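A short reminder: the numbers here are calculations on the coordinates, not readings from a lab. Note that the structure is predicted; figures quoted are calculated from it, not measured. Glycine also receives a Cβ, built like all others from the backbone with ideal geometry; neighbour counts cover every protein chain displayed.
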């Protein structure tokens, strides 16, 4: 579902897709968008894999701290589509919502997408 959504957003809307550049849903988003329309904001963690192969090296930013990574997500985004995830996804969602609510970021659509079959 994430790959299809990203494909539609990049082809029909001519948008870029920004993900955390990791595996799973993030990789599906980058794969659907294609490497030319994907941008990655990666976090360097001791036991995590490198960025997924669908993000070109010149479209990948590596961060040491979560707060700077989240700031880049929000600063460069005009809309947010959040797919099911874990604590990191929830943290990023609440960060975006808080910055929008407090006027620290521009108004932007925030769409929560549920898993198929739920």
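Its DSSP H runs of at least 4 residues, each contributing -39,500 (n - 2.57), put the calculated 222 nm mean residue ellipticity of the chain at -11500 deg cm²/dmol, to the nearest 500.
Please compute the contact order of the stretch 1-63 in relative form: average sequence separation of alpha-carbon pairs under 8 Å and at least six residues apart, divided by the residue count, as a percent. Don't jump to the answer; show the numbers that get you there.
Working: 116 pairs, mean separation 20.3, N = 63.
Relative contact order, the stretch 1-63: 32 percent.
Here the simple spin-label model places points 7 Å from the Cα toward Cβ, and for residue 50 and residue 4 these points are separated by 3.3 nm.
Within the set (i) 54, 32, 25; (ii) 48, 27, 25; (iii) 36, 34, 29, the number that Cα extents along the principal axes in Å takes when calculated for this structure is listed as (iii). Under the criterion of Cα pairs below 8 Å and six or more residues apart, the relative contact order for the chain equals 20 percent.
May I ask you to compute the full-extension gain from residue 111 to residue 97, defined as 0.36 nm times their residue separation minus their alpha-carbon distance, rounded to one decimal in nm?
3.9 nm is the gain from fully extending residue 111 to residue 97.
Considering only C-alpha atoms, what is the centroid distance from the stretch 89-118 to the stretch 53-86, in Å? That distance is 13 Å.
Take 78-89, 57-68 and order them by the average number of nearby Cβ atoms within 10 Å per residue, most first; the result is 78-89, 57-68.
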